Amino acid sequence: RLSDINCALGLSQLKKINKFLKNRRKIANLYKLKLKKYNQFITFPKYKNKDKCSANHLLVVKINFEKLLKNKEDFFLYMKKNKIICQFHYIPIFNFNIFKKKKIYNKLIGANEYSKQCLSLPLFYNLKEDEINYIVKKIINFFENYNRIN
């Protein structure tokens, strides 16, 4: 149950929902635009129906680490070293101990592969364009130079 204060806060936030969604969409589109040239390495979600699109609570992308000859952990460490925090997504449910006994992994083909490639880029309402530029610069550096450096 919510308190009256929490309900009032929620209602006041709902009045601003279109503004929030518009800003998050703008941020996601900036990432897409700035990384468009690197679509052989990074894939953004696509929505077939314009009425059904993401609220961009998270910006989950797929990175082809195989082409980069690196892995997700390399990327996370590189980004962390540059003071950028990404998020891991999604650990297949059959990798949790409680499910290992049930041996359902053969029914979920592709889940491990997806898990090795997908992650969330930073996206929050106050994210500024110069911060996006910094993040994008580091991602591009990883794509273009990381194999030569290490």
Could you work out how far apart the two model spin labels at Asn29 and Lys80 are, taking each label as a point 7 Å from the Cα in the direction of the beta carbon, and quote it in nm?
3.5 nm
In whole angstrom, how far apart do the alpha carbon centroids of segment 76-96 and segment 31-48 sit?
19 Å
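Roughly how many percent of the accessible protein surface of the chain is carbon and sulfur, given a 1.4 Å probe and a whole-percent answer?
Ligands and nucleic acids excluded, carbon and sulfur give 56 percent.
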Taking a virtual spin label 7 Å from the Cα of Lys67 along the C-beta vector, which residues in segment 3-45 bring their backbone nitrogen under 11 Å of it?
37-44
Can you tell me which aspartates and glutamates have their Cα less than 18 Å from the Cα of Lys81? Leave out same-chain residues fewer than eight positions away.
Glu73, Glu131, Glu144
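Would you please give the FRET efficiency between Ser12 and Asn126, computed as 1/(1 + (r/R0)^6) with r the Cβ-Cβ distance and R0 = 22 Å, to the nearest 0.05? Could you put the intermediate results ahead of the total?
On the way: r = 18 Å, r/R0 = 0.81.
That pair, Ser12 with Asn126, gives E of 0.80.
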Expected unfolding gain across Tyr47-Phe96 under the 0.36 nm per residue rule, minus the alpha-carbon gap, is 14.6 nm
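Keeping all protein chains in place, calculate the accessible area per residue for the chain (probe 1.4 angstrom), answer in Å². Walk me through the intermediate numbers first.
Working: 11010 Å² over 150 residues.
Dividing the accessible area of the chain by its residue count gives 73 Å².
Which net charge results when you count Lys and Arg as +1 and Asp and Glu as -1 among the other residues whose beta-carbon is under 14 Å from that of Gln13? Show your work: numbers first, answer last.
Values: positive: Lys15, Lys16, Lys19, Arg24; negative: none.
It works out to a net charge of +4.
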Identified option (computed Rg/Rh (Cα atoms, Kirkwood Rh); candidates [x] 1.04; [y] 1.01; [z] 0.96):
[x]
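Could you give the longest part of the chain that holds none of the trypsin sites (Lys or Arg not before Pro) found in DSSP loops with at most 15 neighbouring Cβ atoms within 10 Å? All intermediate terms of the calculation are to be shown ahead of the outcome.
On the way: sites that count: Arg1, Lys15, Lys16, Lys46, Lys48, Lys50, Lys52, Lys83, Lys101, Lys102, Lys103, Lys128.
Maximal segment without exposed cleavage sites: 53-82.
Within segment 51-104, which chymotrypsin sites (Phe, Trp or Tyr not before Pro) sit in a loop by DSSP and count at most 16 neighbouring Cβ atoms inside 10 Å? It would help to have the intermediate numbers written out before the result.
Working: sites: Phe65, Phe75, Phe76, Tyr78, Phe88, Tyr90, Phe94, Phe96, Phe99; in loops: Tyr90, Phe96.
Here the chymotrypsin sites (Phe, Trp or Tyr not before Pro) that fit, given the DSSP loop and packing criteria, are Tyr90, Phe96.
Are there any chymotrypsin sites (Phe, Trp or Tyr not before Pro) in segment 1-51 that are in a DSSP loop and have at most 15 other Cβ atoms within 10 Å? List them by number. List each step's numbers first, then the result.
Working: sites: Phe20, Tyr31, Tyr38, Phe41, Tyr47; in loops: Phe41, Tyr47.
Sites meeting the loop and neighbour criteria: Tyr47.
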Using just the helices of the chain, give the 222 nm mean residue ellipticity in deg cm²/dmol: DSSP H runs with n ≥ 4 each add -39,500 (n - 2.57), and the total is spread over all residues, rounded to 500.
-15500 deg cm²/dmol
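The values are calculated or read from the model by the stated rules, or taken from the named source; none is laboratory data. Keep in mind that this is a model prediction, so the values were computed, not measured. Every residue, glycine among them, receives a Cβ derived from its backbone with ideal geometry; neighbour counts consider all protein chains shown. Accessible surface is based on the protein model in full, side chains and every heavy atom, while ligands, DNA and RNA are left aside. Shrake-Rupley method; radii C 1.70, N 1.55, O 1.52, S 1.80 Å.
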